[in-house]
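Q: Please find one structure pasted underneath; my questions will follow.
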Amino acid sequence: MRDFEFLEPASVNEASRMLADLGDDCRAIAGGTALMLGMRQRMLTPTHLVSLGQLHDLKSISLDAHAGLSIGALARHHDIARSPLVQIYAPLLAHMASVLANPQVRNQGTLGGNLCYADPSTDPPGCLMALSAQVVIERAAGQRVLPITDFLIDYYTTALAPDELLTHIRIPPLAAGTVGLYQRFLRTPAEHRPLASIALLARREGAVCHDVRLAVGASTPVALRAARAEAFMNGKTITLDVARAAADMVASDIDPISDARGAADYRRDMVRIVARRTIAQLFDLQDDSQRGLQRDLQGS
Ligand SMILES: Cc1cc2nc3c(=O)[nH]c(=O)nc-3n(C[C@H](O)[C@H](O)[C@H](O)COP(=O)(O)OP(=O)(O)OC[C@H]3O[C@@H](n4cnc5c(N)ncnc54)[C@H](O)[C@@H]3O)c2cc1C
């Protein structure tokens, strides 16, 4: 690995100025789980690393009754999984963080680093899209807030300017009666990264569902909301036939990645199955088909 200088700014402003002054040769580092791999493989060769480790304010998780949850970008996946606030106010997210990767990565990697790296084969983007999350971005010159859908632009590409830092992730409060479920499909039990995932939130009034938010993750260049399936499910009593039809819509509306981990058609099939099973499980329907897949699905 190439030698580099390790800088430790004490504030977001100082970090932003360092990133601005040092330009392309400089990278921010949080947990380092993604960055250090890239540097070891010489895909990235920064001469300076700006450590975010001293920015302690960015590690906190707090709740405001009107604004909802605020999660610092430096909160580790493990912190999110174990946070009582997240467990109570966004259980879907706590569950997602508890099954992501492996214990080593969960103990070191941060939510902010995950989003800023913008690797498509990851868990948080879909979950945060279903939660209608926003991200807070700061630089020395000021702050801006973006919906997560505008932050994630493409493969390994975000809306961050070189001197900007992601500082917080905001999750607006959920309406009373909202239930949610996150499920991810692993191609083999030994593989940590998901091949497909579905995050589903809906408000139940008896058997009828409203305000459906369904996001597909890990199978397209950027996670996305399944607008047609959401509209189809809204106001309906969810039966197995409705779940099947909605899952077909989700699968046919995406343009999946095709790579060494899985061809596009395989990913589309897995998205269809995970979507149907997630809808069925959230609405307490018995879906006995594809029983063999159950061992590979991680959800709650
Ligand atoms: C073996 C392995 C398995 C994994 N499995 C999964 C999985 O199953 N699901 C999943 O979702 N993810 C998985 N990951 C990815 C993991 O979640 C990310 O590597 C991790 O969250 C990145 O966080 P970090 O703090 O280590 O980021 P770093 O490596 O420190 O940084 C990553 C990138 O983000 C930038 N950055 C970091 N923080 C900020 C910030 N606040 N503002 C601006 N830029 C910033 C850095 O400059 C760098 O470019 C896996 C990773 C590994 C190594």
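The values are calculated or read from the model by the stated rules, or taken from the named source; none is laboratory data. What you are looking at is a predicted structure, and each value in this text was computed from that prediction instead of being measured. Counting neighbours? That spans all protein chains shown, and the Cβs are built from the backbone with ideal geometry, glycine included.
Q: Quick check on the stretch 172-195: of everything there that is crowded, with 20+ Cβ neighbours inside 10 Å and more than 12 Å from the ligand (Cβ to nearest atom), which residue is nearest to Gly206 (Cα to Cα)?
A: Among them, the one singled out is Gly180.
Q: Something else about it: Going by the structure shown, is Ser121 small (Gly, Ala, Ser) and within 8 Å of the ligand (Cβ to nearest atom)? Spell out the reasoning first.
A: On the way: small (Gly, Ala, Ser): yes; within 8 Å of the ligand (Cβ to nearest atom): yes.
So Ser121 passes the test.
Q: Here is a follow-up. Are there any pairs, at least 6 apart or on different chains, whose C-beta atoms fall under 9 Å, with the first in the stretch 138-165 and on the phi > 0 side of the Ramachandran plot and the second surrounded by fewer than 20 Cβ atoms within 10 Å (Cβ to Cβ) and not in a loop (DSSP other than H, G, I, E, B), and if so, which?
A: Going by the 9 Å Cβ cut-off, the qualifying pairs are Tyr156/Tyr117.
Q: If you don't mind, there's one more thing I want to ask. Please go through the stretch 240-273 and pick out each residue that is more than 16 Å from Pro221 (Cβ to Cβ) and of a type in the set (Ser, Thr, Tyr).
A: Result: Ser252, Tyr266.
Q: So Gly23 ticks every box in (1) of a type in the set (Gly, Ala, Ser); (2) in contact (Cβ under 8 Å) with a residue 60 or more places away in the chain; (3) within 11 Å of the ligand (Cβ to nearest atom) but one. Which box is left unticked?
A: Failed condition: (3).
Q: In the set Asp154, Asp163, which member is surrounded by fewer than 21 Cβ atoms within 10 Å (Cβ to Cβ), among the acidic types (Asp, Glu) and farther than 23 Å from Ala101 by Cα?
A: Only one candidate qualifies: Asp163.
Q: Of all residues in the stretch 26-83 being among the basic types (Lys, Arg) and near the ligand (Cβ under 9 Å from one of its atoms), which is surrounded by the most Cβ atoms within 10 Å (Cβ to Cβ)? Break it down stepwise before answering.
A: Our first condition is that a residue be among the basic types (Lys, Arg); within the stretch 26-83, this holds for 27, 40, 42, 59, 76, 82.
Going one step further and asking which of them are near the ligand (Cβ under 9 Å from one of its atoms), we end up with 27, 76.
Numbers: Arg27: 20, Arg76: 22.
Per the stated criteria, the residue is Arg76.
Q: Let me ask something additional. Could you identify the single residue in Ala245, Ala226, Ala207, Ala199 that is hydrophobic (A, V, I, L, M, F, W, C), more than 18 Å from the chain's Cα centre (by Cα) and under 25 Å from Ala176 (Cα atoms)? Break it down stepwise before answering.
A: Details: Ala245 fails: under 25 Å from Ala176 (Cα atoms); Ala226 fails: more than 18 Å from the chain's Cα centre (by Cα); Ala199 fails: more than 18 Å from the chain's Cα centre (by Cα).
Being hydrophobic (A, V, I, L, M, F, W, C), more than 18 Å from the chain's Cα centre (by Cα) and under 25 Å from Ala176 (Cα atoms) holds for just one of Ala245, Ala226, Ala207, Ala199, which is Ala207.
Q: Being touching an Asp or Glu at 6+ places or on another chain (Cβ under 7 Å), within 11 Å of the ligand (Cβ to nearest atom) and at pLDDT 95 or above is the requirement here; does Leu160 meet it?
A: Considered against the rule, which asks whether it is touching an Asp or Glu at 6+ places or on another chain (Cβ under 7 Å), within 11 Å of the ligand (Cβ to nearest atom) and at pLDDT 95 or above, Leu160 comes out as no.
Q: Of Ser98, Ser121, which residue is polar (S, T, N, Q) and more than 22 Å from Tyr156 (Cβ to Cβ)?
A: Among Ser98, Ser121, only Ser98 is polar (S, T, N, Q) and more than 22 Å from Tyr156 (Cβ to Cβ).
Q: Could you run through the stretch 239-280 and say how many residues are acidic (Asp, Glu), loosely packed, with under 15 Cβ neighbours inside 10 Å and closer than 20 Å to Arg193 by Cα?
A: Total satisfying the criteria: 3.
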